[in-house]
Amino acid sequence: MFSVDMGIDLGTCNTLVAVRGQGIVLNEPSVVAVQKGTNKVLNNGEAVGFVAKEMLGKTPGSITAVRPLKDGVISDFEITEAMLSYFIRKVNGRNKLVGPRVVISVPSGITAVEKQAVFNSATRAGSRMTYLIEEPMAAAIGAGLPYAEPTASMIVDIGGGTTEVAILSLGDIAECQSVRVAGDDMDEAIIAYMKRTYNMMIGEQTAERIKIEIGSAAPTETETNMEVRGRDMISGLPRRTDVTSEEIRHALLEPVNAISEAVTRTLEKASPELAADLVTNGIVMAGGGSLLRNLTVVIEKATGLPTKLADDPLTCVARGTCSYLENFDLLKNNLESEPG
Ligand code: ADP
Ligand code: MG
């Protein structure tokens, strides 16, 4: 039988699919191109991911980009379904006879109705069996944390739209917070700073580039600067200016503090036993937002706990989602092999 097991990280910025035995097989932006003012996905439902991004540059007038999960909630069910269905079909394309088993990690903040919608979409897209898993759990599995053991582990997953903070123990989530402050808000903070300080309008992609190239959460050994291009708000004309990494760090203070506060708030809710475990086990960070320079330093300072990045933070959730099935099978075999 050619049945595929796939784990899908349905992220606010990027969707990743990992297939058991193959690793990450798809990594595309969670973007859909629709006819402006409608929720009709272009190209017969195929204008998704890279294709959608490409179309946008070429025909800006009548087409808009939708990021259906932007703030960690599903803004449009139909568009989300089109996206999920496209990705599942793309991965399972050569394998039409038997539907795949699909595990999808969803932001922990989404409602029961939204979960049901994700579940139904996967089924309609040909999934033979569908399981949903909370994103912090998937991140913990992907990061190799001892989530099933009687000790506490803590994961902070910073994506584009949401930051998920969770304390896990005995295979369950003991405490968890999902805040709508993450990578996108860092970009917005940079846009606002450029307006305020230089009367300059810059685009979202420029802001993201500044963040990735010179952004930081705490002082770095070498400070750098970067040329930024945009539009002068007074003359309306194109212009360039230099910004320093120090300025950008100040611009990022607000979102960085908000993330740090979400972490300390979650810690404050933990029971003394779990808190005691975390003194030695520390905090592991995942998600693209965790790659901001020296963010671990800031979290370590705010909490007093050892803090480090997961291996390959951007694929952590997808890898964890996929191995959930392996663990699930192990569990099932154990149960089946029990006498009686
Ligand atoms: P999601 O799970 O919400 O789809 P991801 O985990 O894919 O999000 O992370 C996407 C976010 O990570 C974006 O805001 C992106 O700008 C940010 N990001 C990616 N690489 C870096 C980097 N090197 N430094 C800072 N932020 C980064
Ligand atoms: Mg994510």
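The values are calculated or read from the model by the stated rules, or taken from the named source; none is laboratory data. Everything numeric here is computed off the predicted structure, so don't read it as measured data. Cβ sites come from the backbone with ideal geometry, for glycine too, and all protein chains shown count toward neighbours.
Mind listing just one residue for me: the one in segment 142-180 that is within 14 Å of ligand 2 (Cβ to nearest atom) and part of a loop (DSSP other than H, G, I, E, B) and, of those, nearest to L314 (Cα to Cα)?
Per the stated criteria, the residue is G159.
What number of residues within segment 198-225 are surrounded by fewer than 15 Cβ atoms within 10 Å (Cβ to Cβ), outside any helix (DSSP H, G or I) and at pLDDT 95 or above?
Counting residues in segment 198-225 that are surrounded by fewer than 15 Cβ atoms within 10 Å (Cβ to Cβ), outside any helix (DSSP H, G or I) and at pLDDT 95 or above gives 4.
Determine, yes or no, whether A262 is small (G, A, S), within 16 Å of ligand 1 (Cβ to nearest atom) and in a helix (DSSP H, G or I).
Yes.
Scan segment 66-84 for residues that are part of a helix (DSSP H, G or I), under 13 Å from G11 (Cα atoms) and not hydroxyl-bearing (S, T, Y) and report the count.
2
If you take the residues of segment 1-20 that are in contact with a strand residue (DSSP E or B) (Cβ under 8 Å, 6 or more places away or on another chain) and in a loop (DSSP other than H, G, I, E, B), which of them is nearest to ligand 1 (Cβ to nearest atom)?
Once the filter is applied, the top-ranked residue is C13.
Which members of segment 21-60 meet the condition of being outside any loop (DSSP other than H, G, I, E, B), within 16 Å of ligand 2 (Cβ to nearest atom) and not polar (S, T, N, Q)?
If the condition is that a residue be outside any loop (DSSP other than H, G, I, E, B), within 16 Å of ligand 2 (Cβ to nearest atom) and not polar (S, T, N, Q), then I24, L26, E28, P29 are the ones that fit.
Looking at this structure, is V243 within 19 Å of I299 (Cβ to Cβ) and modelled with pLDDT of 95 or more?
Judged against the criteria, V243 is not a match.
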